[in-house]
Structures are given as C-alpha cells and as structure tokens.
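Asks: Below you will find the structure I want to go over with you.
The values are calculated or read from the model by the stated rules, or taken from the named source; none is laboratory data. Small disclaimer: the values here were computed from a predicted structure and weren't measured. Here the Cβ positions follow ideal geometry from the backbone for every residue, glycine too, while neighbour counts run over all protein chains shown.
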Amino acid sequence: MTLQATTWQTVGPFFSIGLSRLYRDNLAAPCAAGERVNISGRILDGDAKPVPDGIIEIWQANSYGKYAHPEDVQDKPIEKEFSGFGRIATDIDGMFRFSTIKPGRVPGPDGPDGKPTLQAPHLAISILTRGLLRRLVTRMYFPGDPANTEDFVLGLVEEPRRQTLIAKKIEAPQGSLDWNVVLQGANETVFFAL
Amino acid sequence: MAAIKGYRRCAPGTQPPYLHPPYVSSAKRAPIARLIHLPHTLTEITGPVFGTEFCDVKASDLTRQHVGEPLGERIIVSGRVMDEDERPLRDTLIEIWQANSAGRYLHSNDQHNAPLDPNFTGCGHTLTDSEGRYRFVTIRPGEYPWTNTQNAWRAAHIHMSVFGPAFATRLVTQMFFPGDPLIPFDPIFNCTADEAARNRLISKFDWDTTIPLEALGYRFDIVLSGRESTPIEDNSHSHGARK
C-alpha cells in the first residue's frame, strides 16, 4: 500500500444539485421477479427531529440472491433491469419512501464448522446528511424472516438494539414496511464500521 | 463460495469523526454508540455499476450547459481515481456539485445574498477512463458565508461523489484550492485529525493541464480503499457475538 484513502467530507445541504440525477425510489421494474415491498420511514436526529436534508442509498441483491456485479460469481440469474441501486432524499418531514423487491439470501462467511452460510435477506444502506462528516452504514432486514435468527450480522448486535435493523410490518397496504433511522440517542440505529 | 477479499479499513485519524463540535450541525446527528465492526461479505465487496448509459458526455463541461457562458474564472479540474495500491479505477462514476463564482448554489435553501448565474447550474458527472483519469471544465466556485458560527465562511470547494468498485469504497468529499486563506478556519476541512490526510483535499495548481489563454488547471487525485491482500479469516461465529 503506497497511498491512503481520501478523507470524507459532508455532503452539506445542497447535495441535490449533484445527486438528484440518480435519485431512484423504485428499484425494481415491474418485470423483476420476487416479492414487491414498499418501504418508508424517517431519518431522525438526536432530538427526534426529522432530518429534511438527508439521503439514503441502497445496495441489494435481486430476489435470487444475486448482486449485479462482476464479483458475484454465483450461478444464479441476473436480471438486466435490476441494478440493485437506490437513492432517495428525505422530504421536509425527514421521510423517505421507496419500492423494491425483497432480496434473496446471499452468502455469508463460512460457519464454525467450515460450511458455507447464507445471510438473511437485507439491504445495505448508506446514510448521508448535512451534519454527517462521513456516511453512516447500516442494514435493513425484513420482519418475520426465519433466516434472521441465523444471520451472522444480526448476531453481532445485542438485543434490544438488534431490532433497530429490522423493519416493521404495516397492516395496510399489504407489503408495506416501516423503518426509521435514528442518528443519535435512546433508540439509535445500529451503524457499522466498514 | 470462495473466501472473500475485503477492503482495507482506514488508518486512524485519516477519516473524520462523526462528532466534531466546531461543525455545529454534527452535534445532533453524530451517533453516540460505538460502531459495530462489520466483516466484509459479498454485500460489501460488490456495489452499483454505472456504465456509459448513466453518463452524458457533455456533463463534464459545466461551462456549456446553458445558452451563454457562466461568469467567473474558467478552470480545468482533473486527476486520477486510484486505489491505495495506485491501481487505476476505471469506469467509475464521479458526480460533482458546486457554488457559482459568486458563492451561491442553485438551491432553494441557499439564502446567501449573492447573485445566481443563469448560465451556471453547478452540476456535473463523468466516468473515469481506462487509466482512471477524469476531467471537468468548470468555473472556480466562490467562498460563501454560512450560519455555523458568527461570521463563518466556507473555503471555496467542489463537492465530489465517487462510487468505486464496491459498497465499501463509497466516497463523498470536497476538493479545495491551494492558497485559499479560509482553509485554516474552515471547520469542515479541519474535521480530520491527520494533517497530511486533510491537506490532500487541497488540489494542486498544474501547468500541464492549464490551457494557454483559456483556463487554469487544478489536479486532484482521488484514492479509494485498497484491497486486503489475503482473504478474510474473520469468522463472526467464532467470535460468539450472539448471546
């Protein structure tokens, strides 16, 4: 290693000028296979006030558990129309909303017995806001998925904080999930160091 | 699944903390709990791929997006995107945004009493070439006041967003200009403890890319996390974190 990674700086309040071109709140074309989910939530600060100048970026596998990326060499179908990328700005109430399909399971590290494991379905999330000097990284998992109990990343997090990574079902309309991102304080979302 | 080769973690002090009191807005938005160390998996070593279909070739010239030319000093901003082992990162999307030459952003929340320029949007993007090179034509952004503290001013800067090859390599940063007298007083620039690391955010004036009678050149290289040389042995199950 001869160089050092460039230092992060905040996106500031005016990021929409440069980043809105790739705003994408519908990650999956109608033809994408899998279970459609509509996810909404808010980004909240340490005073539980909405963060109206934030952005969330999503990276996910398709419903087969395959990433649209050359380093995913799994023998699973790629869908041309499904890139797995989303970018949504929060509105004046700190709300974000997006629609996608529930991803399939992707490989995790080998288990203690040396056998391959699978991760539970999840979205990788970057949070960028004014006031954040670098991104926050978190994950969103799906409520009630039996694979959650054996997911190794959820296993890194103690209860009750583990629950901050799992979205909540909303009764109506069907397929809707609620997931808030709390930047600071009592119900602070779990964030990861990459 | 073959063992995963992760990306390197940043060296201590070379990245900003979340809480940096001189930057007042960080006070209520910085997490308090310790971040949880996440071993890289297939999720983190993959990431969105943006091909030429996402790119408008004209978008790298911010001085030709309108009928007339923007006011201000025309400049060339160019450099290379590399990893920490100096390997060029090709076909990587760079998005930029900036204030106009009067220090005003084309944004409804920018209340700075300085004129907008009908010929300048302040938004551009490009893909790096096969050697990781990029090049923008733009105008030098103005310094501007902000409400962080009384009489606070931002040093002139251009925001840059880069994806790189993986979710783990995502970077958003700001490029500054050499000799800007506001740099020592800019709390955002100064948020990073490591002096050498933050000084690398200052571009270099460059004769080689300066165009005679036309535009001054500034070079700004961007470095993204490099690859671990050996596969991750980090086996979370053996850490027994689930209790």
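Each row is one residue, and each column tells you yes or no for (1) more than 7 Å from every other protein chain (Cβ to nearest Cβ); (2) assigned to a strand (DSSP E or B); (3) of a type outside the set (Ser, Thr, Tyr); (4) out of contact with any Leu (no Cβ under 8 Å at 6 or more places or on another chain).
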| position | (1), (2), (3), (4) |
| --- | --- |
| A:Val11 | no, no, yes, no |
| A:Ile17 | no, no, yes, no |
| A:Ser20 | yes, no, no, yes |
| A:Ala29 | yes, no, yes, yes |
| A:Ile55 | yes, yes, yes, no |
| A:Gly65 | yes, no, yes, no |
| A:Val73 | yes, no, yes, yes |
| A:Asp113 | yes, no, yes, yes |
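Asks: Among (1) under 23 Å from B:Ala27 (Cβ atoms); (2) part of a loop (DSSP other than H, G, I, E, B); (3) aromatic (Phe, Trp, Tyr), where does B:Trp153 come up short?
Replies: B:Trp153 satisfies all of (1) under 23 Å from B:Ala27 (Cβ atoms); (2) part of a loop (DSSP other than H, G, I, E, B); (3) aromatic (Phe, Trp, Tyr) except (2).
Asks: State which residue pairs qualify: first residue within 7 Å of another protein chain (Cβ to nearest Cβ) and over 20 Å from B:Gln65 (Cα atoms) and inside segment B:105-125, second residue among the basic types (Lys, Arg) and assigned to a loop (DSSP other than H, G, I, E, B) in any location, beta carbons under 7 Å apart, and separation of 6 or more residues or different chains.
Replies: Going by the 7 Å Cβ cut-off, the qualifying pairs are B:Asp110/B:Arg104.
Asks: Considering only residues that are under 17 Å from B:Val49 (Cα atoms) and crowded, with 20+ Cβ neighbours inside 10 Å, which ones fall in segment B:84-100? Write out each step before concluding.
Replies: Just the residues of segment B:84-100 that are under 17 Å from B:Val49 (Cα atoms), to begin with: B:88-95.
Matches in segment B:84-100: B:Leu89, B:Thr92, B:Leu93, B:Ile94, B:Glu95.
Asks: Out of A:Ile127, A:Ile92, I need the residue that is crowded, with 16+ Cβ neighbours inside 10 Å, within 12 Å of another protein chain (Cβ to nearest Cβ) and either part of a loop (DSSP other than H, G, I, E, B) or under 17 Å from the mean Cα position of the chain (by Cα) (or both). Which one? First the steps, then the outcome.
Replies: Working: A:Ile92 fails: crowded, with 16+ Cβ neighbours inside 10 Å.
Matching residue, one of A:Ile127, A:Ile92: A:Ile127.
Asks: Looking for whichever is hydroxyl-bearing (Ser, Thr, Tyr) and in contact (Cβ under 8 Å) with a residue 60 or more places away in the chain here; the options are B:Thr52, B:Thr41. Which one fits?
Replies: Details: B:Thr41 fails: in contact (Cβ under 8 Å) with a residue 60 or more places away in the chain.
Of the residues listed, the single one that is hydroxyl-bearing (Ser, Thr, Tyr) and in contact (Cβ under 8 Å) with a residue 60 or more places away in the chain is B:Thr52.
Asks: Restricting attention to segment A:158-178, which residues are in contact with a helix residue (DSSP H, G or I) (Cβ under 7 Å, 6 or more places away or on another chain) and surrounded by fewer than 19 Cβ atoms within 10 Å (Cβ to Cβ)?
Replies: A:Arg162
Asks: Give segment B:185-228 a look and list any residue that's surrounded by fewer than 21 Cβ atoms within 10 Å (Cβ to Cβ) and aliphatic (A, V, I, L, M), or say none.
Replies: B:Ala193, B:Ala196, B:Ala197, B:Ile202, B:Ile211, B:Leu213, B:Ala215, B:Leu216
Asks: Keeping to segment B:1-57, report how many residues are exposed (fewer than 15 other Cβ atoms within 10 Å of the Cβ), among the hydroxyl-bearing types (Ser, Thr, Tyr) and modelled with pLDDT of 95 or more.
Replies: Going through segment B:1-57 one residue at a time, the tally reaches 0.
Asks: Right, another one. Please find, within segment A:1-25, the residue that is farthest from B:Trp146 (Cα to Cα) out of those that are surrounded by 22 or more Cβ atoms within 10 Å (Cβ to Cβ) and of a type in the set (Ser, Thr, Tyr).
Replies: The residue in question is A:Thr6.
Asks: Evaluate the following for A:Pro143: is it under 30 Å from A:Lys49 (Cα atoms), more than 8 Å from chain B (Cβ to nearest Cβ) and in a loop (DSSP other than H, G, I, E, B)? Please lay out each step first, then the result.
Replies: Working: under 30 Å from A:Lys49 (Cα atoms): yes; more than 8 Å from chain B (Cβ to nearest Cβ): yes; in a loop (DSSP other than H, G, I, E, B): yes.
Against the criterion (under 30 Å from A:Lys49 (Cα atoms), more than 8 Å from chain B (Cβ to nearest Cβ) and in a loop (DSSP other than H, G, I, E, B)), A:Pro143 qualifies.
Asks: Could I ask something else about it? Are any of the residues in segment B:47-57 more than 11 Å from every other protein chain (Cβ to nearest Cβ) and either small (Gly, Ala, Ser) or in contact with a Lys or Arg (Cβ under 6 Å, 6 or more places away or on another chain) (or both)?
Replies: Here is the first cut: in segment B:47-57, the ones more than 11 Å from every other protein chain (Cβ to nearest Cβ) are B:52, B:57.
Checking the rest, the ones that are also either small (Gly, Ala, Ser) or in contact with a Lys or Arg (Cβ under 6 Å, 6 or more places away or on another chain) (or both) come to none.
Within segment B:47-57 (the criterion being more than 11 Å from every other protein chain (Cβ to nearest Cβ) and either small (Gly, Ala, Ser) or in contact with a Lys or Arg (Cβ under 6 Å, 6 or more places away or on another chain) (or both)), the answer is no, since none of the residues qualifies.
Asks: If I ask for residues that are more than 14 Å from chain A (Cβ to nearest Cβ) and more than 20 Å from the chain's Cα centre (by Cα), which ones from segment B:131-159 would you list?
Replies: Those that are more than 14 Å from chain A (Cβ to nearest Cβ) and more than 20 Å from the chain's Cα centre (by Cα): B:Thr149, B:Gln150, B:Asn151.
Asks: Something else: If you go through segment B:131-164, how many residues are touching a strand residue (DSSP E or B) at 6+ places or on another chain (Cβ under 8 Å) and either closer than 24 Å to A:Gly131 by Cα or crowded, with 22+ Cβ neighbours inside 10 Å (or both)? Break it down into steps so the answer makes sense when it comes.
Replies: Taking segment B:131-164 as the starting set, the residues that turn out to be touching a strand residue (DSSP E or B) at 6+ places or on another chain (Cβ under 8 Å) are B:131-141, B:143-146, B:151-164.
Going one step further and asking which of them are either closer than 24 Å to A:Gly131 by Cα or crowded, with 22+ Cβ neighbours inside 10 Å (or both), we end up with B:134, B:136, B:138-139, B:141, B:143-146, B:151-164.
Qualifying residue count, segment B:131-164: 23.
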